[in-house]
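Here is the structure we will look at.
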Ligand SMILES: [Zn+2]
């Protein structure tokens, strides 16, 4: 039995709510004592970690991310640091030149605000690479920017009808500009791209595991898996590679969900009966997209867009069909996880969850609405009354270029000031969880915590914080990234570092518990412990 004592700093236990102590003893993968009792517990330590004033927090749990895609993206053409169209074109050109055998050039996470109105032209990409197809994803992953060859291979031209859930941005003559919004349009290109490759997927997961461990993350809600990805997780479990635990979400699609039902249940059972995955991988969740994103004009709003008075955005489902699909999947025993960004999307998601509750009766469901960017004030109380978890990506609650140049002009001032109502939902009694939506934004929980408490950009703007009433105290923010996501995961034995709980914990480079500003973003992870085993240690 391995015995470790962590003492000499602050230990956040979440027990009772948001409590702290000064020592924690771990033996055989579990917490065995706290505070004075921990120091007295046994003299026979294998290791005593002197915290020297630093702190221990429960392991971080990311309530919404795409880790394998993020890992894959980190191994492919990366555009997240490009600050202009010219830089993107240069990166595409360099990549194409150094990868002459690649049939397609694809890359990810260009910042959408570097393009005028978020719209990229195929002809610009043609100047970087014209002989091979190029398909790039925006940082929100709801928009694809393609070159002429990619559009041609996908058969997209002036005669292509508008997809049901998507938008082909067009010139006045109907020909495509090169920007495709939402999956109905994006899949026109994706279906002619090379399919998922198990080897690439495996490499992506391996890269992701490394990043997750170094950022103190011990559980992730993978927000969309397909069969290839599920196989990747199970194979990694067989090989003993998983230094983080995962719950997978299958995606239910409008018009297809009825035919998907049996396959989803079979996928969940395949994971449940895979012995090596036990305790490491589950697949208990089904994901729905209620709408798109506000910066692309596809988030569904209750009232029309400020810059497009004819449009309320793009709901991905007819409300009646979403109600039916959510109730059916709920009856199959899945947890519901709905992407909802605009106040119309959030309302539609709440309606569907309440419909399922009425239809199927009381149960321990823990439904999740992810992102919750804009919540109509009339709907705030519904999270608590219906037991809906609001999953926020706190890093997004800042005045970054996408917010300033695309989102605020589309929403107008009044609605802009209602975004990411973390403080208001906490005050309304809602349960909240935090996540990153990695690779949409960085996976680092400390960046998210810094913004949750400050509502400031990395360089400290605005001084008083953006919508300062929505700031939350650091311990509330830590609880959302730990206990809140553990509740979401049905990991009731891991919502706190109480005696007997699995020892999932993180040693941070400084005591963040009293920080109320962005300085938390500079605090590194020194050690990550999963079930008593150190899976990362800073050099
Ligand atoms: Zn996502």
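To the nearest 0.05, how large is the calculated FRET efficiency for residue 84 and residue 175 if R₀ is 22 Å and r is the Cβ-Cβ distance? If you can, show how the numbers build up before the last one.
Details: r = 26 Å, r/R0 = 1.17.
Between residue 84 and residue 175 the formula returns 0.30.
Residue 270 to residue 499: extension gain in nm, 0.36 nm per residue of separation minus the Cα-Cα distance?
In short, 79.1 nm is gained.
Which value in deg cm²/dmol, rounded to the nearest 500, describes the helix-derived mean residue ellipticity at 222 nm for the chain, given -39,500 (n - 2.57) per DSSP H run of n ≥ 4 and division by the residue count?
Values: 18 runs with 167 residues, N = 539.
That comes out to -9000 deg cm²/dmol.
Measure off 7 Å from each Cα along the Cα-to-Cβ vector at residue 93 and residue 386, then give the distance between these two points in nanometres to one decimal.
Once both label points are built, they end up 5.1 nm from each other.
Enter the angle in degrees (range 0 to 90, nearest 10) between the Cα long axis of helix 343-360 and the first principal axis of the Cα atoms of the chain, meaning the one along which they spread out most.
60 degrees
With both bridge residues required to lie in the range 72-190, what share of the DSSP beta bridges run antiparallel, to the nearest 5%?
On the way: 9 of 15 bridges.
Around 60 percent of the beta bridges assigned by DSSP in the range 72-190 are antiparallel ones.
In degrees, nearest 10, range 0 to 90: what is the angle between the Cα axis of helix 445-454 and the longest Cα principal axis of the chain?
Rounded to the nearest ten degrees, it is 90.
Let me check against my output: what whole-number percent is the relative contact order of the chain, with C-alpha pairs under 8 Å and at least 6 apart?
Working: 1237 pairs, mean separation 91.1, N = 539.
Across the chain, relative contact order equals 17 percent.
To check you understand DSSP bridge types, tell me what percent of the beta bridges within the range 1-159 (both residues inside) are antiparallel, rounded to 5. Present the calculation step by step, with values, prior to reporting the outcome.
Working: 14 of 26 bridges.
Among the beta bridges of the range 1-159, antiparallel pairing accounts for roughly 55 percent.
Testing the spin-label approximation: label points 7 Å from Cα along Cα→Cβ at residue 36 and residue 320. State their distance in nm.
Distance between the two pseudo-spin positions: 6.7 nm.
Diagonalise the Cα gyration tensor of the range 201-320 and give the resulting equivalent ellipsoid semi-axes, square root of 5 times each eigenvalue, largest first, whole Å. Walk me through the intermediate numbers first.
Details: eigenvalues 228, 74, 19 Å².
Largest first, the range 201-320 gives 34, 19, 10 Å.
Full-extension gain between residue 197 and residue 458, please, as 0.36 nm times their residue separation minus the C-alpha to C-alpha distance.
Numbers: separation 261, 0.36 × 261 = 93.96 nm, distance 3.68 nm.
Once the chain is fully extended between residue 197 and residue 458, it gains 90.3 nm.
Rg to Rh ratio, the range 72-190, alpha-carbon atoms and Kirkwood radius? Intermediate results must be reported in sequence, preceding the final value.
On the way: Rg = 13.1 Å, Rh = 14.0 Å.
Computed over Cα atoms, the ratio is 0.94.
What distance in nm separates the two pseudo spin-label positions at residue 224 and residue 424, each 7 Å out from Cα along the beta-carbon direction?
Going by the 7 Å Cα→Cβ label model, 2.8 nm.
Could you rank the peptides 212-220, 509-517, 226-234 by their average count of other C-beta atoms within 10 Å per residue, with the highest value first? Mind dumping the intermediate values first?
Values: 212-220: 25.6, 509-517: 17.1, 226-234: 18.8.
In decreasing order of mean packing, 212-220, 509-517, 226-234 become 212-220, 226-234, 509-517.
With the convex hull built on the Cα atoms of the range 381-539, state its orientation-averaged projected area in nm². Can you show the working numbers first?
Details: hull surface 42.3 nm².
Convex hull of Cα atoms, orientation-averaged projection: 10.6 nm².
Classify the range 433-488 as rounded, prolate or oblate, taking a ≥ b ≥ c as the square roots of the eigenvalues of its Cα gyration tensor: rounded when a/c is under 1.5, otherwise prolate if a/b is larger than b/c and oblate if not. Could you put the intermediate results ahead of the total?
Numbers: a/c = 2.54, a/b = 1.39, b/c = 1.83.
In terms of gyration-tensor shape, oblate.
Going by average Cβ neighbours within 10 Å, how do the peptides 269-277, 290-298 rank, with the highest at the top? Walk me through the numbers before you get to the answer.
Values: 269-277: 15.0, 290-298: 27.3.
Highest to lowest by the protection proxy: 290-298, 269-277.
Could you put 193, 474, 144 in order, starting from the residue whose Cβ has the fewest other Cβ atoms within 10 Å? If you can, show how the numbers build up before the last one.
Working: 193 16, 474 21, 144 25.
In order of increasing Cβ crowding within 10 Å: 193, 474, 144.
Can you tell me the orientation of helix 257-272 relative to the chain, as the angle in degrees between its alpha-carbon axis and the longest Cα principal axis, to the nearest 10?
Roughly 30 degrees, rounded to the nearest 10.
Compute log10 of I(q)/I(0) for the chain with the Debye formula, placing one identical point scatterer on every Cα and leaving out solvent, at q = 0.05, 0.08, 0.09, 0.12 Å⁻¹, to two decimals.
-0.19, -0.51, -0.65, -1.17
By DSSP, what percent of the beta bridges with both residues in the chain are antiparallel, rounded to the nearest 5?
Values: 34 of 76 bridges.
Around 45 percent antiparallel, to the nearest 5.
Distance from the Cα centre of the range 221-281 to that of the range 130-186, in angstrom?
30 Å
Bear in mind that the values in this text are calculations on the coordinates, not laboratory data. The structure displayed is predicted, hence computed values, not measured ones. We place every Cβ from the backbone using ideal geometry, glycine too, and count neighbours over all the protein chains shown.
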